[in-house]
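Worksheet for the structure shown next.
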Number of protein chains: 2
Amino acid sequence: MEFSRSADSLQPSYIREILRAASQPEMISMAGGLPASSLLPVDLIRASCVLLTDKTELFQYGASRGYAPLIETLTKQHPEQNDKWLICNGSQQGLDLISRAFLNHGDGVVAEIPAYLGALQSFQLAGAEIYPLYQGSEKSHNQSQPDLIQLENHFKTGRVKLFYAVPDFHNPTGRVWSEETRTGVCTLCRHYGITLIEDAPYRELRFSGDQHSSLITLYPEGCIQLKSFSKTGFPGIRMGAMNGPAEFITIAERIKQATDLHTGLPQQAMINTLLNHAEYPNHLARLQDSYRERYQQLTSELIRQMEKQVQIEVVEGGMFIWLKLTTGSGSEVAERALTHKLAVVPGAAFYPKGQIVEDNAIRLNFSNTDPINITEAVSRLRRSF
Amino acid sequence: MEFSRSADSLQPSYIREILRAASQPEMISMAGGLPASSLLPVDLIRASCVLLTDKTELFQYGASRGYAPLIETLTKQHPEQNDKWLICNGSQQGLDLISRAFLNHGDGVVAEIPAYLGALQSFQLAGAEIYPLYQGSEKSHNQSQPDLIQLENHFKTGRVKLFYAVPDFHNPTGRVWSEETRTGVCTLCRHYGITLIEDAPYRELRFSGDQHSSLITLYPEGCIQLKSFSKTGFPGIRMGAMNGPAEFITIAERIKQATDLHTGLPQQAMINTLLNHAEYPNHLARLQDSYRERYQQLTSELIRQMEKQVQIEVVEGGMFIWLKLTTGSGSEVAERALTHKLAVVPGAAFYPKGQIVEDNAIRLNFSNTDPINITEAVSRLRRSF
């Protein structure tokens, strides 16, 4: 069989290989981006699942745009945003629909590097070229924020169509854009006519500090926001939503139809129940509290056991710590960690092919690690240096 | 916003417009391809839905290939087929994954015309060129079977990569390939190295006559079979599966991952419960019996009320009758029918852009029309001539 060029160029993901290893017995995994299994809000949808099969209409074909009551809920709960929504199979499908809506072969997409490779895979599958915006570049005036001069230089090439951003608790670095950065990026995108993708899966996982403006409220005419229900709800049912300008949602709906007709209705009904449940705000608070505790415990242990080997950048939410190593290679540490029954992802895994790779970091997930294992996990990590 | 060329060229589907009209009050719809709502096997999964939230692992991330117990069921229930399966969001997503796995811009795909336009949309979104295999061509030696000489001529161009086929109860024509046709097509595909897509959503809806060989059993090394659970199970949960050679399933799994990570687990568990239920074979038999009755009642009424205006081709299963009009235009009849509160799809809607259109037919769905409405539906159709 002779496959297409874009299919041939898709590499099996290194992270997936590690996740496979992570499922071995006695392994402690800080590798994935999973929410805590013990905190999945299944209790809030139990009553609704019991009655699921009484609603026969949920088992018949539905609308490509999405389940009307869920769209109504999203519109009501986000009055400050655009009122056009499209329901998709997790925000990963949102990325795929965006890629197909905008990208011709060879078009440019700016992405902060290191990056969530699942996003870059979507763009590359559509034949896009990645323009890297290196995070923490030494040339940048502010190492914790994206370099707007570098960004504008990319836009000036005239070849860029999209800027893919994770402004809240970036994966893998955990960084948050300042209010000034948000305004600056939106001004640049508006000036150069660039469509801005605000990927916001971790936005509601803030456990300290103040929330900043959502990009879509600053640039409603040119921004598409991706909402995920995998971090605050359930990853296993594959649910996300896109919010954006009407002209985009209309095109995305057509592509969605050609792609898989519509997202399944029972799973949309589950998320609608969750979002409308009186206990949902408490669930979010519990999630934030628990992740704060896990994060604090992890950083305390890292400082206690490994102060000289690593540099910790403080995060105010999300699921990850981007751990800079003062010496040695992240890839080698990650490989040795596996032999000590600890799975972590080396920073180098978040650099797309053909870009400058810094192999001096590892990403640690703290949301899915049982607190009783954190001390042992750090001890295994220490022994891997 | 400036969209991609392939997104711009996607037309809103005429059938969707009709389906929108079909949902108006007092409308009788014979337009869609929906299973009978009253026969959806919700009873068979009720007990399993009640316990759904006890299985927390169904709400956490899963494998891109699919839910292991479901893959095991499919492998066990189809021992005559290849043992490689990939679960997808309905067979529509299977078509999309196939398109992306195989097609570079400009590659050729042979499809029987008239055709299910949702399939052609997938191919066109990948930039493919459609090579039409006209059904019932007057030049063909056997009007009820595809013309293998025309097919081989397409293959001889050297530009064709895929042949998209619906050998059992074709949508929209309801036709079935003879055993001789199946062998002939597989021999040609093997000779020219063409990948054959066997789209089989209606295969299990045979209500008379004998089942023929599945294409994948005749050409296991080069055929991909698409299985849908929308016609025998529930369309609303969006579930399908692909069966094919290992090298294809590996590539398709990678694309699936970049597309939406994996198909949701609760919905896979529902289908697994359904397929393993002791009552499932009885459900299938009930579906076949009921569709046979609806089909017979519809054809009797057509003969009684409209014998001179229409030509009925006998079908042995599926969901559709392809009604040839002895005079007049299918498009005009369909338009007038809407004013009489009857929704039907004109045959012309199944011809891709740029191909020869025969406007002398309409497609009637019989699976989703309540038997008590059939006499009135035919009366409305008669008044639309």
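The values are calculated or read from the model by the stated rules, or taken from the named source; none is laboratory data. In this text the structure is predicted, and so the values were computed from the model without any measurement. Note that each Cβ is placed from the backbone with ideal geometry, even for glycine, and that neighbours are counted across all protein chains shown.
Within region A:248-290, being away from chain B (no Cβ under 14 Å), within 20 Å of A:G236 (Cα to Cα) and among the hydroxyl-bearing types (S, T, Y) holds for one residue alone: A:Y280.
When region A:149-198 is examined, which residues are found to be among the charged types (D, E, K, R), away from chain B (no Cβ under 14 Å) and part of a strand (DSSP E or B)?
A:E198
Could you go through region B:202-213 and let me know if any residue there is surrounded by fewer than 20 Cβ atoms within 10 Å (Cβ to Cβ), within 14 Å of chain A (Cβ to nearest Cβ) and modelled with pLDDT of 95 or more. Within region B:202-213, not a single residue is surrounded by fewer than 20 Cβ atoms within 10 Å (Cβ to Cβ), within 14 Å of chain A (Cβ to nearest Cβ) and modelled with pLDDT of 95 or more. Restricting region A:3-30 to residues that are within 12 Å of chain B (Cβ to nearest Cβ) and either hydrophobic (A, V, I, L, M, F, W, C) or touching a His at 6+ places or on another chain (Cβ under 8 Å) (or both) leaves a set whose member that is farthest from B:A252 (Cα to Cα) is A:A22.
Summed over region A:65-90, residues that are without any contact (Cβ under 8 Å) to a residue 12 or more places away in the chain and among the hydrophobic types (A, V, I, L, M, F, W, C) total 1. Got a number for residues in region B:222-243 being over 16 Å from B:Y67 (Cα atoms), of a type outside the set (F, W, Y), within 9 Å of another protein chain (Cβ to nearest Cβ) and not in a helix (DSSP H, G or I)? Qualifying residue count, region B:222-243: 3. Which one of these is of a type in the set (A, V, I, L, M, F, W, C) and in contact (Cβ under 8 Å) with a residue 40 or more places away in the chain: B:I224, B:I149? The unique qualifying residue is B:I224. Residue check: is A:T73 on the phi < 0 side of the Ramachandran plot and surrounded by 21 or more Cβ atoms within 10 Å (Cβ to Cβ)? Criteria not met by A:T73.
When you look at B:G62, is it in contact (Cβ under 8 Å) with a residue 24 or more places away in the chain and part of a loop (DSSP other than H, G, I, E, B), yes or no? Yes.
Here the condition is being without any contact (Cβ under 8 Å) to a residue 40 or more places away in the chain and among the β-branched types (V, I, T); of A:T217, A:T183, A:T173, A:T195, it holds for A:T183 alone.
Could you please find all residues in region A:1-31 being surrounded by 21 or more Cβ atoms within 10 Å (Cβ to Cβ), touching a residue at least 60 places away in the same chain (Cβ under 8 Å) and either touching a Pro at 6+ places or on another chain (Cβ under 7 Å) or not aliphatic (A, V, I, L, M) (or both)? Within region A:1-31, just A:S29 meets the criteria. On the basis of being within 14 Å of chain B (Cβ to nearest Cβ) and not in a helix (DSSP H, G or I), does A:I98 make the cut? Spelling it out, it is not the case that A:I98 is within 14 Å of chain B (Cβ to nearest Cβ) and not in a helix (DSSP H, G or I).
Working only within region A:109-119, note down all residues that are in a helix (DSSP H, G or I) and crowded, with 24+ Cβ neighbours inside 10 Å. Break it down into steps so the answer makes sense when it comes.
Let us first name the residues in region A:109-119 that are in a helix (DSSP H, G or I), namely A:117-119.
Answer for region A:109-119, where residues must be in a helix (DSSP H, G or I) and crowded, with 24+ Cβ neighbours inside 10 Å: just A:A119.
What about B:T183, is it touching a Leu at 6+ places or on another chain (Cβ under 8 Å), surrounded by fewer than 22 Cβ atoms within 10 Å (Cβ to Cβ), over 30 Å from B:L325 (Cβ atoms) and not assigned by TED's automatic domain parsing to the domain that holds B:A349? Break it down into steps so the answer makes sense when it comes.
Numbers: touching a Leu at 6+ places or on another chain (Cβ under 8 Å): yes; surrounded by fewer than 22 Cβ atoms within 10 Å (Cβ to Cβ): yes; over 30 Å from B:L325 (Cβ atoms): yes; not assigned by TED's automatic domain parsing to the domain that holds B:A349: yes.
Against the criterion (touching a Leu at 6+ places or on another chain (Cβ under 8 Å), surrounded by fewer than 22 Cβ atoms within 10 Å (Cβ to Cβ), over 30 Å from B:L325 (Cβ atoms) and not assigned by TED's automatic domain parsing to the domain that holds B:A349), B:T183 qualifies.
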